Protein chains: 2
Amino acid sequence: MYVILEGVDTSGKSTQIDLLKQKYTDAVFTKEPGGTKLGFNIRKIILDGEISSIQAELFMFLADRAEHYEQIVKPNKNKLIFSDRGLISGIAYAKTNYEKFSFEELIKLNMIALDKDMPNLVVLLKIDKTHIEKRLNAKKHDNIEKRGIRYLLKVQENMIETLKKMKIKYIQIDASLKIEDIHNIIIKNIGNKYD
Amino acid sequence: MYVILEGVDTSGKSTQIDLLKQKYTDAVFTKEPGGTKLGFNIRKIILDGEISSIQAELFMFLADRAEHYEQIVKPNKNKLIFSDRGLISGIAYAKTNYEKFSFEELIKLNMIALDKDMPNLVVLLKIDKTHIEKRLNAKKHDNIEKRGIRYLLKVQENMIETLKKMKIKYIQIDASLKIEDIHNIIIKNIGNKYD
C-alpha cells in the first residue's frame with residue numbers, strides 16, 4: 001500500500017510522519033525529491049541553478065520521480081509505504097510556478113513517471129490562512145517568507161484541484177485539528193490490514 | 001532557420017556537416033545530446049549508468065533537449081542553425097530501445113521539450129543494408145558492432161516513421177549517392193536566402 005502525505009509547509013506533515021513512524025515500525029518511509037542517487041544528483045543540479053529552461057527543470061523533476069518509483073516504491077508495494085510528498089506536490093508546484101502547463105498535461109507526464117501505478121491513498125493536510133500566519137510567526141521559515149503566504153495557499157489550491165482531477169483515493173484533513181486527532185484519522189484510513 | 005541532420009551511424013552525416021561548415025560560415029553548428037552545461041552533466045549521469053528507470057532516462061534526454069532548445073536554438077532562430085541530430089533521433093532511439101512508448105506519446109513529450117517550435121527542415125540520410133555493411137567493414141565501429149546492423153536499420157525505420165507522423169518538412173536522401181551530390185541536394189533545399 002502506497003500512501004503519500006501532502007501538504008504545504010506549516011501544515012504539520014513532518015509531525016504526522018514522526019507519529020506514523022512510531023506506529024508502523026515495519027513500514028517504508030521515503031520522500032520526494034531525493035532518496036536515490038539520481039535524485040541526489042538532480043537536486044544538486046537544480047539547486048546549482050544551471051537550468052535555464054522551464055521544461056528542462058520539469059523533466060528533471062519527472063526523472064527524479066520515475067527513479068524514486070522504480071527503486072523505492074515498486075519493489076516495496078507489498079509493504080506499507082509512506083512518502084513525504086509525491087506527484088500531487090509535483091503537479092501543484094509546477095502548475096503554480098509555470099502557468100503554461102495545463103493540469104491535464106502535468107497529470108499525463110506524472111502518469112508516465114509512475115508507470116501508471118498510482119498511490120493507493122493520498123492524505124492531504126489542509127491549512128487555512130490564519131493558521132499559516134500563526135505557525136510562520138512561531139517559527140523561522142526563510143524560504144517560505146520569501147515567497148509569501150499567498151504562494152502557499154495557491155500551491156494548496158492546486159493540490160486540491162489536482163486530486164479532484166485524478167482518480168486517486170484521497171482524504172483531506174483540517175490541519176488545525178489536534179495532532180492526535182489528525183493521526184487517528186490517518187490510521188483509520190490506512191485500515192486494519194497494517195495494524 | 002533550424003535544420004536538423006539525421007541519419008544512423010555510417011550514413012555520412014559528419015561528412016556532410018563538414019561540407020556545410022565550409023559553405024555556410026555564418027551558420028550556427030550544434031549537436032544533440034550536449035552543447036549545454038546541463039547537457040554535459042546529463043550525459044555524464046547517463047554514461048555512469050546510475051539510472052535504473054527507463055522513464056527516468058527518457059526524461060533526462062528530454063531535459064537535455066529542452067535546455068539545448070532554450071539556450072542554443074531559440075536565441076539563434078534568425079540565423080541558420082544546423083544541428084547534428086535532434087528530436088527525430090530522440091524519438092526513434094527511444095522507440096527502438098523501449099517498445100512500451102508509443103510514437104504519439106514520444107512526439108508529445110518532444111513537443112513540450114521544444115516548446116512546440118519545430119525545426120524548419122529535417123535532412124535524413126537514408127542508408128541501405130549493403131552500404132552499412134560495406135562502411136562498417138571499412139572502419140572500426142565498436143559501439144555499433146555490439147548492437148548490430150539490424151538495430152541500425154530498425155532505428156532508421158523508426159526515424160522515417162516519426163517523420164511521416166509529424167508535420168515537419170523533411171527530405172530523405174539516398175546515402176549511397178556521391179558526397180557532392182548529397183551536399184548539393186541539401187543546399188538546394190536550404191534555399192537561396194542563405195546563399
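Each value in this text was obtained by applying a stated rule to the coordinates, not by laboratory testing. As the structure is a prediction and not an experimental result, all values here were calculated from the model. Neighbour counts are summed over all protein chains in view; Cβ atoms, including those assigned to glycine, are modelled from backbone coordinates with ideal geometry.
Computed values, structure above
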read-out	value
Nearest-0.05 FRET efficiency for B:Asp117 and B:Glu180, computed from C-beta distance (R0 25 Å)	0.15
Rg/Rg_globular for region B:56-150, with Rg_globular taken as 2.2 N^0.38 Å and Rg from C-alpha atoms	1.26
Vicinal HN-Hα couplings computed from phi for region B:80-87 (Karplus, 6.51 cos²θ - 1.76 cosθ + 1.60; Hz; Gly/Pro x)	8, 10, 10, 10, 7, 6, x, 4
Subset of A:Lys165/B:Lys108; A:Lys44/A:Lys100; A:Lys23/A:Lys79; A:Lys100/A:Lys129 violating a 18 Å alpha-carbon distance limit	A:Lys165/B:Lys108; A:Lys44/A:Lys100; A:Lys100/A:Lys129
Top positive-direction residue, dipole computed over the protein assembly as shown with Cβ charges, set B:Ile171, A:Asn137, A:Gly86	B:Ile171
Amide H within-cut-off set for B:Tyr170, under 5 Å, with H built and near neighbours excluded	B:Val122
Structure-based [θ]222 nm, chain A - -39500 (n - 2.57) summed over DSSP H runs of at least 4, per residue, nearest 500	-16500 deg cm²/dmol
Karplus-derived HN-Hα couplings along region A:14-31 (A = 6.51, B = -1.76, C = 1.60, θ = phi - 60°), whole Hz, x at Gly and Pro	4, 4, 5, 5, 4, 5, 5, 4, 6, 6, 10, 6, 8, 6, 9, 10, 9, 8
Cross-link partners of A:Lys74 among aspartates and glutamates (Cα-Cα below 13 Å; sequence separation of 8 or more within a chain)	A:Asp115, A:Asp117
Average Cα contact separation per residue, chain A, under 8 Å, 6 or more apart, as relative contact order %	33
Residues A:Ile91, A:Ile190, sorted so that the one with the fewest Cβ neighbours within 10 Å comes first	A:Ile190, A:Ile91
Phi-based couplings in Hz for region B:124-133 (Karplus 6.51, -1.76, 1.60; Gly and Pro marked x)	10, 8, 9, 10, 9, 4, 4, 6, 4, 4
Two-site FRET efficiency, A:Ile168 against B:Ile187, from Cβ-Cβ distance with R₀ of 45 Å, rounded to 0.05	0.25
Space enclosed by the convex hull of the alpha-carbon atoms of region A:1-119, per residue, Å³	104
Shortest-first nm distances, B:Ile179 label point to equivalent points in other copies (7 Å, Cα→Cβ)	7.5
Residues A:Phe40, A:Phe59, sorted so that the one with the fewest Cβ neighbours within 10 Å comes first	A:Phe40, A:Phe59
Whichever aspartates and glutamates have a C-alpha closer than 16 Å to that of A:Lys178, once near sequence neighbours (fewer than 8 apart) are set aside	A:Asp18, A:Asp128
